[in-house]
Each structure stands twice: as C-alpha cells, then as structure tokens.
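Take a look at the structure set out below.
The values are calculated or read from the model by the stated rules, or taken from the named source; none is laboratory data. Not measured: the values here are computed from a predicted model. Note: ideal-geometry Cβ built from the backbone for every residue, glycine included; neighbour counts use all protein chains shown. Side chains included, ligands, DNA and RNA excluded: accessible areas come from the protein's heavy atoms. Shrake-Rupley method; radii C 1.70, N 1.55, O 1.52, S 1.80 Å.
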Amino acid sequence: MAAPPPALRGAPRELAPVDQVATLLLAMGKPAAGRLLKYFEPDEIKRITRSASKLGAVSPDQLDVVVESFAEEFSHGSSLVGTVQEVEKLLTGLLPADQVADILAEVRGNANRSVWERLATVQESVLASYLVKEHPQTAALILSRVKPAIAAKVMGHLPLPSRNTVMRRMLSLKPVVDEVMQALERTLHEDFMINGSRNSGADTHAKMADIINKMDRQQMDEALSSLAEARPKSVEILKGLLFTFDDIVKLAPRARTTLFDAVPNDRLVLALKGTEAEFRTVVLSALSARVRRMVEHELNGGDPAAQRDVMEARRSITDLAMEMAGRGEIEINPGGEDDALIR
C-alpha cells in the first residue's frame, strides 16, 4: 500500500480562511463552484486560485470540519446580517489587512455619500420646508454638507428670518463628532430615502404652496387668512414657498430682465393689463427700449382683455420664474428683500 500523502500524516494542519474557501469550492465541484465564483471579485478569485494550487491533499476529517464550520455559521444566521462589521469579519483573513481597510473605507464612504447625493435630488422647496421645521443648527449642518449650488437654491425658498439665522450658524459651525453625523445621516436616510412621500415631492406644504400659487391674489389672501387661524406655523412655511405675480417687483433688476427676456411680448402685455402704474413702471424698466415702447403702445391702445386670460398670462410668468429659479438662472425672493440677485 502506498504511503499516505504528507498532509495526512500526524496532526492535521490548520487551514487559513482563504484555504477553507478554496477547500469548500473544490469539494463542491465545478458546476456548483462556478455558480458561486461569479460573485467574487477578480482579486478574491486570484487569492482563492493561488490557495487552491498550493493546497495539496485535505483529509476527509479536515473537509468535514470545513463543511461543518460553514454549515454552523449558516444555521446560526449570524453572518447574514448585512452590516459593515459583518463584511469586515468576512474579509479579514481572506484579503490583506490594508486591502480590507481600503474596501471598508470605500464602502463606508459610499454609504454616506448616497444620503447626500440622494438629498441633492430632492426638490428645493421640499427640502426647504423640511429644514424650516428643524432646529437652525441642524439645518445649517445639512446645508453645509450639500453642494453650494443646491444650498443656495434651498436658501432661496427659506423665509428671510430662517435664512439669516441658518447662514449665521453656518459661519460658526465647528467640527461634528462622528456619532452625531451618523445619527443625522440615519435620520435623513429615513426621511428622504425610506419615506417615499418626501422623495416623490409629496410634502404637504410644497403641494399646498403650488396650489395657492395658482390662485388670484384675493383667493390667496383668503386661503392664508383661513389657515392662519388653525395652522399659523404652516402659514409661515407656506409664505416662504410662495411666489406670485406681485412679487416680481421684489426681484433684482437683473433677475427681472432675465425673466422677461424669456416671456413673449404679447403674454407680457396681457399680464400687465389692469396693473397699477407703479408696478407697471418697475416691470417696464426691465425691458429694452425697443420692447418697452412696443409694450407701452399695446397697453395704451389695445382692447380690453378677459380677466381669465389676464390671470392665465400672469400665472404662466410666475410659473416660468419658479422654473428658472429651480434651474439656478435667477433667484426669486419671497421674503421681499431688495437685494436678490441673478445667479
């Protein structure tokens, strides 16, 4: 009888984790192992391949130990909890320590970035109404972590007092400990990634503001007055999200010029019918001399227009202003300051 292979003589050798994986895959055979190998990364397959090529003979007892070890892990279910810690335990021993550290750093970074990247896709008015209800320090921290262009758009939807408070707090922010940041990211994950209503723009204040924006001025004032009796805080949030045709005079001159450059002349003439002389003067000052003369001529000599058509023209202009603000082309200023600037 031939002498037993060296691997079977004496005490059984201890198999490293990567050797155990290689042993199990070899024991499974090509069809089953092939189905598993496609889930491994190329570097992992290389390590397993190198281990398998140097593995030599493995005794039946050792094979039983390997199989039992894997079976026990699966039966207890402990390794099926999808956490970074479990991934770290899984990779330790299978890959070099420095490579494990790099992978986990990337995994943790991707997890964090996904929250902030997803936040960047949330409608600015929705995010603004969310931040108004948070503590100013929390709002400042959130806006400090998103891209500046997004933060600027969100601030454009905040009521003036809230905007100024948040900006002051952003200037004095200090480093935040990891535990606090992780808690904030978990909350944002729940509110904007798990809670589908926010992600789909179903925030009640944003929806209501969109509805009120399309009312005429009298209806808008009546609606806000009625709501103020029962929901005064909600009315404050709504006011920060509203932008009406009357608010056009609160835009900076450059913003008005940019807006009216995109409005057809006949629509502007229709929208200006019935407006006060002071309002009309502010709007006309944003037009070029040639366009202004033409619009003035139409206003002075044109036929009266149906109120419904006038209101529709005004709504189309305010809708356009909101769209342009959303794209960062202008900054609308619901708070009423005189220093709103085109972006």
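Quick notes
- First in region 26-37 and on the phi > 0 side of the Ramachandran plot, second anywhere and modelled with pLDDT under 70, Cβ under 8 Å, 6 or more apart: none
- Scanning region 168-188 for residues that are open to solvent by 70 Å² or more (accessible area, probe 1.4 Å) and under 20 Å from the mean Cα position of the chain (by Cα) gives V180, Q182, R186.
- Pairs are defined by a Cβ separation below 6 Å, a sequence spacing of at least 6 or placement on different chains, a first member in region 297-326 that is within 17 Å of K214 (Cα to Cα), and a second member that is open to solvent by less than 40 Å² (accessible area, probe 1.4 Å) and assigned to a helix (DSSP H, G or I); the pairs so defined are A313/A271; R314/F245; R314/A271; I317/A271; T318/F245; A321/L259.
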